[in-house]
Amino acid sequence: MKKNIAVILGDGIGPEVTHQSIKVLDAIAQQFGHEFNYSYCLMGADAIDKTGSPLPDETVEVCLESDAILFGAIGHPKYDNDPSAKVRPEQGLLKLRKTLQLFANIRPVSTYPSLHHLSPLKNKQLEGVDFIIFRELTGGIYFGKKEINPEGTRASDDCVYTAEEIERIAHLAFQSAQKRRKKLTLVDKANVLETSRLWRKVVQEIARQYPDVTVDFLFVDNAAMQIILNPKQFDVILTENMFGDIISDEASVISGSLGLLPSASVGNSSSLFEPIHGSYPQAAGKDIANPLGSILSTAMMLDYFNMTEEAVLVRKAVEWTLAHGFVTKDIDAVNSYSTTTVGDLIRDFIENRIPSTVNKSNIALSKSTII
Ligand code: IPM
Ligand code: MG
């Protein structure tokens, strides 16, 4: 198969982690006879520095023509600490989501036994945790009318949803539940918010088309608590934009490392794949960032291309590195490997170049893994 992939390296550690994913994609292409063509484009602080705009028109054009978008990370401290900045890197990402109608942000949360000790939760709460969050991404308070009075003393952000916006993501979430453990939890604040009551009504109606899926409803404050108290009760969580932003960060700590978690933002014509971590500017250029979030996002991209066997192989390679302790500093501060080395090892695994006994000292020296 031939696929055109738009690559946005972005800010901070974005470029170095994304380069590992490209390595992985090249190895997959070679092993399975695919052709992946990459078009590099700009977004975020990097784009502001080079063009003045956080999302140049050319980037939108390239993304619209691509089969998928691979994205690194966005954000720079010089904008975070300046509330009066007129252009912000994040505007680029929000505009891209809206322009491409990337309406569903999908974040799987799973745990790896070798990382249980890093999780703030106890072992017994972690076993069997495997859920997926469907966050609405192009509506709600993020995109409602924003106002501030001339005196700068009163501000408002409207939260608006239409039934149609709720329906399209609800169908995706129900279909995902059907392929999983057949349970869907709608997270809302229907005891207070009108938009949440609309979500409940629409989801209850759609549920009739998926009789094999059990649906329950949780208020977002209770959901925030349940995710920590008993995360294994969840299978598919469906929620609106702002609640999804918050609970998906909360859920991300369960696995033990933020650096591991992938995401997909799915639209009607194209989809974007990115690790959930931020740009981590303190680590930029140091070759220490964890590339697994990006590489697992690439696995989600392969799933999206219907390259199931390929996606399984990438996940197997990632599990292999974790099980053997070939991990970056965030996972093991004492025995750690560089971003590049972890990427190389995953590529070698995919290319079947990993011998049964691995020479760790050679790897530490960035030499061949083959003894
Ligand atoms: C995310 C991020 C973004 C969001 C920011 C960078 C605008 O936190 O993807 O979750 O709030 O959606
Ligand atoms: Mg967020």
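The values are calculated or read from the model by the stated rules, or taken from the named source; none is laboratory data. As the structure is a prediction and not an experimental result, all values here were calculated from the model. Heads up, the Cβs are rebuilt from the backbone with ideal geometry, glycines too, and the neighbour counts pull from every protein chain shown. When the accessible area is computed, the model is the full protein with side chains, heavy atoms only, and any ligands, DNA or RNA have been set aside. Shrake-Rupley method; radii C 1.70, N 1.55, O 1.52, S 1.80 Å.
Ranking Pro56, Leu115, Leu94 by Cα position along the charge dipole of region 53-149, where only Lys, Arg, Asp and Glu carry charges on their C-beta atoms, puts Leu115 farthest toward the positive end. Helix 14-32 and the long axis of the chain differ in direction by around 70°, with both axes built from C-alpha atoms. Here is the size of region 1-149 from its Cα atoms: Rg then Dmax, 18.4, 59 Å.
Geometric descriptor of the chain, per residue, is 150 Å³ (volume of the convex hull of the Cα atoms).
Here region 1-29 and region 153-167 have alpha carbon centers that stand 34 Å from each other. On region 104-228, 54 percent of the accessible area sits on carbon and sulfur atoms, based on a 1.4 Å probe. In this calculation the C-beta distance from Val334 to Lys86 is compared with R0 = 41 Å, giving a FRET efficiency of 0.35. Centroid-to-centroid, using Cα positions, region 72-123 and region 196-272 are 16 Å apart.
Rounded to the nearest whole Hz, the Karplus-based 3J(HN,Hα) values (6.51 cos²θ - 1.76 cosθ + 1.60, θ = phi - 60°) of region 88-96 follow the sequence 10, x, 4, 4, x, 5, 5, 5, 5, with x at glycine and proline. If the chain linking Met225 and Asp287 were pulled fully straight, counting 0.36 nm for each residue of separation and taking away their Cα-Cα distance, it would gain 18.7 nm.
Treating each Cα of region 145-204 as an identical point scatterer and summing with the Debye formula, the log10 of I(q)/I(0) at q = 0.12, 0.18 Å⁻¹ comes to -0.43, -0.72. In region 120-255, the C-alpha radius of gyration followed by the widest Cα-Cα span (Dmax) gives 16.1, 55 angstrom. Heavy-atom accessible area, probed at 1.4 angstrom with all protein chains present, ranks Ile254, Ile74 as Ile74, Ile254, highest first. For Ile246 and Asn191, the difference between the fully extended length at 0.36 nm per residue and the C-alpha to C-alpha distance is 17.9 nm.
For the residue pairs Lys23/Lys232; Lys86/Lys183; Lys3/Lys146; Lys183/Lys329; Lys286/Lys316; Lys3/Lys98, alpha carbon separations beyond 32 Å are given by Lys23/Lys232; Lys86/Lys183; Lys3/Lys146; Lys183/Lys329. Placing +1 on the Cβ of every Lys and Arg and -1 on the Cβ of every Asp and Glu, with no other charges, gives the chain a dipole of roughly 760 debye about its Cα centre. Relative to the current alpha-carbon distance between His117 and Asn268, full extension at 0.36 nm per residue lengthens the span by 50.4 nm.
When the surface is traced with a 1.4 Å probe over the full set of protein chains, Met225 keeps roughly 100 Å² accessible. Remark: accessible surface ordering of Thr298, Thr99, Thr195 (largest first) is Thr99, Thr195, Thr298, probe radius 1.4 Å. Just to verify a number: FRET efficiency for Arg208 and Glu309, C-beta to C-beta distance, R0 = 30 Å, to 0.05? According to the calculation, E is roughly 0.25. Accessible-area rank, largest first, for Trp320, Trp199: Trp320, Trp199, with all protein chains present and a 1.4 angstrom probe. Solvent-accessible surface of the chain, taken per residue with a 1.4 Å probe and all protein chains present: 44 Å². Using a probe of 1.4 Å, the accessible surface attributed to His324 totals some 80 Å² when neighbouring protein chains are kept in position.
Eigen-decomposition of the gyration tensor built on the alpha-carbon atoms of region 8-62 gives equivalent ellipsoid semi-axes of 26, 14, 5 angstrom, largest listed first.
Backbone amide hydrogens, once placed in the peptide plane, bring Ala289 within less than 5 Å of Thr339, excluding anything fewer than 5 places away on its chain. The Lys50 and Glu147 beta-carbon pair, evaluated with R₀ = 30 Å, returns a calculated FRET efficiency of approximately 0.40. A Cβ-based charge dipole, computed about the Cα centre of region 120-255 with Lys and Arg at +1 and Asp and Glu at -1, lands at about 560 debye.
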